[in-house]
């Protein structure tokens, strides 16, 4: 009996210590542990002139909440050290900007940091649901991103090239929460002969594509669940990411990749969902 009691106490102590370890890591370490995830995309539709071109993706900054200047400066430094050719932001500059509106000083601060990001072949951005909470928040997004030399894309498509007429097709869709997405408009004058990269803040929009497919579809929004428990899943799922919330998976013939994003919401902690930037290198061989 005493032996069983001793084993029970030991197990209890181990569980408590393990819980404390994971809480400490989630609260104080993981939020600063920026992952650089590298993905090599090999597809015969990628033209020779676009071989070895790198596109860096980041999402969900949530500035003016837990994300501050010091934390984001380190992320910007990491982005520039990676020397991407193209940079794409998937939306959500601020966290609940209608409830916690950023001051003019905060807006200027974030604009200056984003302006420091260098991408010789272009910087692009799409709206997240937080960016479109009101006309005011949209105007703030437009002002910051335009001044930081990002081209804002909304239900449209364009060719990404590397000093050549040939490249890959970028399709930018508005989010399904409040973005008034228009798939027909976004896919206008596209075909399946060109390699197609589609982006949208909310991953669940992939179920609306039907015959409008993409070779690669990249989203953010869910923060990878922010608090993820192995074998159980995310504690909280967000509208717009209820069907697809983290990682890579094939949806029909499209590879869907959901980034964990950078910021945090409600609680400044992350469990098994480290913040990340993702770098895609494209090749045809």
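The values are calculated or read from the model by the stated rules, or taken from the named source; none is laboratory data. Because the structure is a prediction, the values reported are computed rather than measured. Cβ sites come from the backbone with ideal geometry, for glycine too, and all protein chains shown count toward neighbours.
General remarks:
- Selection within the stretch 176-186 - part of a loop (DSSP other than H, G, I, E, B), surrounded by 14 or more Cβ atoms within 10 Å (Cβ to Cβ) and either out of contact with any strand residue (DSSP E or B) (no Cβ under 6 Å at 6 or more places or on another chain) or not assigned by TED's automatic domain parsing to the domain that holds residue 127 (or both): 176, 177, 178, 179, 182
- Residues in the stretch 224-250 that are touching a strand residue (DSSP E or B) at 6+ places or on another chain (Cβ under 9 Å), surrounded by 12 or more Cβ atoms within 10 Å (Cβ to Cβ) and within 18 Å of residue 271 (Cβ to Cβ): 224, 225, 226, 227, 228, 229, 234, 236, 241, 245, 246, 247.
- Residues of the stretch 112-146 that turn out to be within 17 Å of residue 60 (Cα to Cα) and in contact with a strand residue (DSSP E or B) (Cβ under 7 Å, 6 or more places away or on another chain), as a count: 8
- Among residues of the stretch 49-64, those that are more than 26 Å from residue 194 (Cα to Cα), in a loop (DSSP other than H, G, I, E, B) and either modelled with pLDDT of 95 or more or out of contact with any strand residue (DSSP E or B) (no Cβ under 7 Å at 6 or more places or on another chain) (or both), counted: 3
- In the set (1) surrounded by fewer than 19 Cβ atoms within 10 Å (Cβ to Cβ); (2) in a strand (DSSP E or B); (3) touching a helix residue (DSSP H, G or I) at 6+ places or on another chain (Cβ under 7 Å), the condition left unmet by residue 217 is number (1).
- Looking only at the stretch 187-208, and only at residues there that are under 23 Å from residue 134 (Cα atoms) and in contact (Cβ under 8 Å) with a residue 40 or more places away in the chain, the one that is surrounded by the fewest Cβ atoms within 10 Å (Cβ to Cβ): 204
- Sole residue being more than 27 Å from residue 34 (Cα to Cα) and surrounded by fewer than 18 Cβ atoms within 10 Å (Cβ to Cβ), chosen from 162, 212, 155, 149: 212
- Apart from one condition, residue 278 fits all of (1) within 23 Å of residue 97 (Cα to Cα); (2) in contact with a strand residue (DSSP E or B) (Cβ under 6 Å, 6 or more places away or on another chain); the exception is (1).
- Filtering the stretch 223-230 for residues that are over 18 Å from the mean Cα position of the chain (by Cα), part of a loop (DSSP other than H, G, I, E, B) and assigned by TED's automatic domain parsing to the domain that holds residue 86 leaves a non-empty set.
- Selection from the stretch 120-166 of residues that are more than 17 Å from the chain's Cα centre (by Cα), assigned to a loop (DSSP other than H, G, I, E, B) and within 18 Å of residue 76 (Cα to Cα): 120, 121, 122, 148, 149
- Any hit, the stretch 258-272, residues being within 20 Å of residue 91 (Cβ to Cβ), without any contact (Cβ under 8 Å) to a residue 60 or more places away in the chain and surrounded by 15 or more Cβ atoms within 10 Å (Cβ to Cβ): yes
- Selected residue (only one of 190, 202 is modelled with pLDDT under 95 and more than 19 Å from residue 79 (Cβ to Cβ)): 190
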